[in-house]
Amino acid sequence: MATLKEVLAQKIADHRPRTTKLVKEFGKVVIDQVTIDQCIGGARDVRCLVTDISYLDPQEGIRFRGKTIPETFEALPKAKGSKYPTVESFWYFLLTGDVPTQAQVDAVVAEWKTRQIVPSYVWDAIRALPRDSHPMVMLSVGILALQKDSKFAAFYNSGKFNKMTAWESVYEDASDLCARIPIIAAFIYNLKYRSDFQTAIDPNLDMGANFAHMIGQCEEYKDVARMYFILHSDHESGNVSAHTTHLVHSALSDPYYAYSAGLNGLAGPLHGLANQEVLDWTLKFQEKYCKDVEPTKELVTKALWDTLNAGQVVPGYGHAVLRKTDPRYMSQREFCLNTPGLKDDKLFKLVAMIFETAPGVLTEHGKAKNPWPNVDAQSGVIQWYYGLREWDFYTVLFGVGRALGCMANITWDRGLGYAIERPKSVTTAMLEKWAAEG
Ligand code: AMX
């Protein structure tokens, strides 16, 4: 049986002529134009990035390697005794586009076991931070600390650097990073919230299950971890975390530099931090409006308007690309509806009521182009239900999942020899001149 790396090598070799042909024969074909509002407004919708790992349709939502979320969950081999696939099988799928066999999944699970050991200097670096540092700072520092032993950096410095084979050492770092990031995340969780009670890796468990084990979670949470990491993995390449990782790696900074930077972007409240903000918003709502009464749609409407009138965004709602309810939201909602205790949970019911109410309020407010919920509107309530109530940590969970997409992308970036990224800037005076010229 060919290894994942061997399968990938063949895929990359097969793909290269497509990229070469496009650049050489069709390089000057126009695929988009740029307007002044896009230039000032965050390059929204400008088509200037390429990835085959996932594609985000504004109406349909994300497809991983051409498959919707339900199709992906359906197609991939499941973890033993579970309805959900292992993260490792999803990694194989993201990298190659092939649905792996059980034997291929087992090989990746075994390979990640050999990659999971985190050097002690990472723990030292994290421990050196103030204990009340945000866990995203700890995660970013932990990933950056791993840079010392980057195989890509070593290859670059070896004097034998070769563009054709450079992807192989990116693949090595990327696989190490994906295997280690849940171990580092568990360490941070235990350090901050479990009085430094550290639990050893269970060599018999897949990535998601082992993460649940290491943070002292119950059996059911193993599926939560698998589902969560897969759902948060990739959302094509223009979002802040994926784009940052791609941009930094385009300078041939190794995967550790690149993903540490990507995590710093994920930590922004308009991006990955929104899931902790959702929980904060929802609990404050409960505290302020529903101490003694049941929440009603009227009360939720009032709270939403209070937020909007205070000039704040409603966290978990809106999206730069999507124009309908995020299928990642729906997938997590379905998990809640299918989990007996969770289905009747007070907080879930409130989140469901916000789902019924917020799109109407945001539409009436008239600013957000997309009044529907995104992934973050639903994820916190699941963690809360399972007792993971330290919501500072929620973006770390996002960061563990997002590593899969970012690492698959930069492995392919190197495989296809994508150039250093360098868009052109203009001055305001130039824009004014072009505006006057019509
Ligand atoms: N509540 C209130 N106002 C909102 C809003 C929301 N949820 N979403 C968008 N708006 C406002 C914007 O702030 C903007 O106002 P402005 O013109 O005064 O600056 C206006 O509507 C137009 O924005 P847009 O084109 O619809 O959105 P965008 O592409 O600029 O931003 C996003 C997208 C996600 C940052 C924005 O919808 C938002 O801030 N949402 C809340 C935070 C959130 O949930 N983030 C998580 C996104 C998913 C993720 O990355 N994890």
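The values are calculated or read from the model by the stated rules, or taken from the named source; none is laboratory data. Quick caveat: nothing in here was measured; it's all calculated off a predicted structure. For neighbour counting, all protein chains shown are included, and Cβ atoms are generated from backbone atoms with ideal geometry for every residue, glycine included.
Numerical summary
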{"quantity": "Residue among Val361, Val375, Val321 that alone is within 13 Å of the ligand (Cβ to nearest atom) and closer than 19 Å to Tyr84 by Cα", "calculated": "Val375"}
{"quantity": "Segments classed as helices (runs of 4 or more DSSP H), wholly inside segment 191-255, with at least 2 members that are within 16 Å of the ligand (Cβ to nearest atom)", "calculated": "221-231, 240-250"}
{"quantity": "The one condition in (1) more than 30 Å from Ser169 (Cα to Cα); (2) among the basic types (Lys, Arg); (3) part of a helix (DSSP H, G or I) that Arg402 fails to fulfil", "calculated": "(1)"}
{"quantity": "Tally of residues being within 19 Å of Glu168 (Cα to Cα) and in contact with an Asp or Glu (Cβ under 9 Å, 6 or more places away or on another chain) across segment 89-103", "calculated": "3"}
{"quantity": "Positions within segment 157-190 being among the small types (Gly, Ala, Ser) and assigned to a helix (DSSP H, G or I), in sequence order", "calculated": "Ala166, Ser169, Ala174, Ser175, Ala179, Ala185, Ala186"}
{"quantity": "Gly387 vs. criteria more than 10 Å from the ligand (Cβ to nearest atom), small (Gly, Ala, Ser), within 23 Å of the chain's Cα centre (by Cα) and surrounded by 23 or more Cβ atoms within 10 Å (Cβ to Cβ)", "calculated": "no"}
{"quantity": "Filter result for Ala43 (surrounded by fewer than 17 Cβ atoms within 10 Å (Cβ to Cβ), at pLDDT 95 or above and either over 21 Å from the mean Cα position of the chain (by Cα) or on the phi < 0 side of the Ramachandran plot (or both))", "calculated": "no"}
{"quantity": "Near pairs, Cβ below 7 angstrom, 6+ apart or cross-chain, from segment 129-146 (part of a helix (DSSP H, G or I)) to any residue that is polar (S, T, N, Q)", "calculated": "Met136/Thr395; Ser140/Ser260; Ser140/Asn264; Ile143/Ser260; Leu144/Ser260"}
{"quantity": "Sole residue being out of contact with any His (no Cβ under 8 Å at 6 or more places or on another chain), at pLDDT 95 or above and farther than 27 Å from Met136 by Cβ, chosen from Lys346, Lys367, Lys297", "calculated": "Lys367"}
{"quantity": "So Leu279, is it within 13 Å of the ligand (Cβ to nearest atom) and either free of Cβ contacts under 8 Å to residues at least 60 places away in the same chain or charged (D, E, K, R) (or both)", "calculated": "no"}
{"quantity": "Which listed residue, of Thr35, Thr3, is of a type in the set (Ser, Thr, Tyr) and closer than 22 Å to Arg422 by Cα", "calculated": "Thr35"}
{"quantity": "Check on Val30, in a loop (DSSP other than H, G, I, E, B), over 15 Å from Val99 (Cα atoms), within 24 Å of the chain's Cα centre (by Cα) and more than 16 Å from the ligand (Cβ to nearest atom)", "calculated": "no"}
{"quantity": "Boolean, Thr86 is at pLDDT 95 or above and surrounded by 14 or more Cβ atoms within 10 Å (Cβ to Cβ)", "calculated": "yes"}
{"quantity": "All helices (runs of 4 or more DSSP H) inside segment 272-354 with 1 or more residues being surrounded by 15 or more Cβ atoms within 10 Å (Cβ to Cβ) and touching a Pro at 6+ places or on another chain (Cβ under 9 Å)", "calculated": "274-289, 297-309, 327-337"}
{"quantity": "Selection from segment 89-116 of residues that are loosely packed, with under 13 Cβ neighbours inside 10 Å and either in contact with a strand residue (DSSP E or B) (Cβ under 9 Å, 6 or more places away or on another chain) or in contact (Cβ under 8 Å) with a residue 40 or more places away in the chain (or both)", "calculated": "Ala103"}
{"quantity": "Among the candidates Tyr156, Tyr256, Tyr193, residue that is at pLDDT 95 or above, crowded, with 20+ Cβ neighbours inside 10 Å and not small (Gly, Ala, Ser)", "calculated": "Tyr256"}
{"quantity": "Hey, Tyr394 on the phi < 0 side of the Ramachandran plot, in contact with a Gly (Cβ under 6 Å, 6 or more places away or on another chain) and either buried (at least 18 other Cβ atoms within 10 Å of the Cβ) or assigned to a loop (DSSP other than H, G, I, E, B) (or both) or not", "calculated": "yes"}
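Residue by residue, here is whether (1) outside any loop (DSSP other than H, G, I, E, B); (2) modelled with pLDDT of 95 or more; (3) farther than 20 Å from Ser237 by Cα; (4) within 16 Å of the ligand (Cβ to nearest atom) holds:
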{"site": "Cys39", "(1), (2), (3), (4)": "yes, yes, no, yes"}
{"site": "Asp52", "(1), (2), (3), (4)": "no, yes, no, no"}
{"site": "Leu94", "(1), (2), (3), (4)": "yes, yes, no, no"}
{"site": "Pro100", "(1), (2), (3), (4)": "no, yes, yes, no"}
{"site": "Ala107", "(1), (2), (3), (4)": "yes, yes, yes, no"}
{"site": "Trp112", "(1), (2), (3), (4)": "yes, yes, yes, no"}
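Conditions (1) over 23 Å from the mean Cα position of the chain (by Cα); (2) without any contact (Cβ under 8 Å) to a residue 60 or more places away in the chain; (3) loosely packed, with under 10 Cβ neighbours inside 10 Å; (4) within 20 Å of Asp413 (Cβ to Cβ), marked per residue:
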| residue | (1), (2), (3), (4) |
| --- | --- |
| Leu8 | no, no, no, yes |
| Thr19 | yes, no, no, yes |
| Thr35 | yes, yes, no, no |
| Cys39 | yes, no, no, no |
| Cys48 | no, no, no, yes |
| Thr51 | no, no, no, yes |
| Gly61 | no, no, no, no |
